[in-house]
Amino acid sequence: MPDQPGNRCTKLVKCRPLLLMRIVPMATNRSRRLRKKLCVDEFQELGFELNLDLKEDLDDEAIDAFLDAFLKEAMEANGLGYVGGDDYGLVCLQKRGSVSEEQRAAVEAWLKGRSELTNMTVSPLIDVWHPDMPINAKA
């Protein structure tokens with residue numbers, strides 16, 4: 001039925017009210033369960049970033065062999081996990097928890113001993129869930 005003056009049928013327009021939201025910082029008095037879920041405070045998890053520059057003349061087989069050795073000898077041997085590619089990635093613990101400075105140093109030493117790399121950068125430990133947040137002091 002077309003809308004005509006005097007016709008009781010009207011068009012219903014579905015719309016959502018415009019919500020004005022502002023960014024409000026989360027409360028700092030969180031429960032233990034929530035702190036664990038958010039990985040903050042005593043549940044903060046640390047890791048580090050890697051930047052790897054491989055030699056230009058490496059073929060695909062050599063790159064695959066390097067990555068296989070990296071994952072087996074540097075990551076799995078130290079209980080670490082790697083997320084990323086052949087040039088950049090994030091290293092964290094395979095299970096819940098934080099990477100230690102010793103594990104970070106072991107990976108850095110392994111990378112320094114490899115001839116496939118022209119350059120590599122290992123970042124200091126960072127919060128893997130909230131990288132912009134400072135690292136908590138050890139209690």
Subject >> Within straight-line cross-link reach of K36, aspartates and glutamates at Cα separation under 19 Å, skipping those fewer than 8 residues along the same chain >> reply: E45, D127, D132
**OP:** For R35 paired with L90, estimate the spin-label separation in nm (one decimal), with each label point 7 Å from Cα along the Cα-to-Cβ line.
**Re:** 2.2 nm
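Place the peptides 42-48, 75-81, 52-58 in order of packing, highest mean first, counting for every residue the other Cβ atoms within 10 Å and averaging per peptide. Walk me through the numbers on the way to the answer.
On the way: 42-48: 18.0, 75-81: 15.9, 52-58: 13.1.
Highest mean packing first, the order is 42-48, 75-81, 52-58.
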Original post:
Expressed as a rounded percentage, what relative contact order does region 45-127 have, with Cα pairs under 8 Å and six or more residues apart?
Top reply: 51 percent
Original post:
Can you give the charge dipole size of region 45-127 about its Cα centre, rounded to the nearest 20 debye, using +1 on the beta carbon of Lys and Arg and -1 on the beta carbon of Asp and Glu?
Top reply: 500 debye
Subject >> Cβ-based net charge around G47, under 10 Å, with every Lys or Arg adding one and every Asp or Glu removing one >> reply: -2
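Every number here is computed from the coordinates shown, using simple stated rules; none is lab data. Note that this is a predicted model, so its numbers are computed, not measured. Note that each Cβ is placed from the backbone with ideal geometry, even for glycine, and that neighbours are counted across all protein chains shown.
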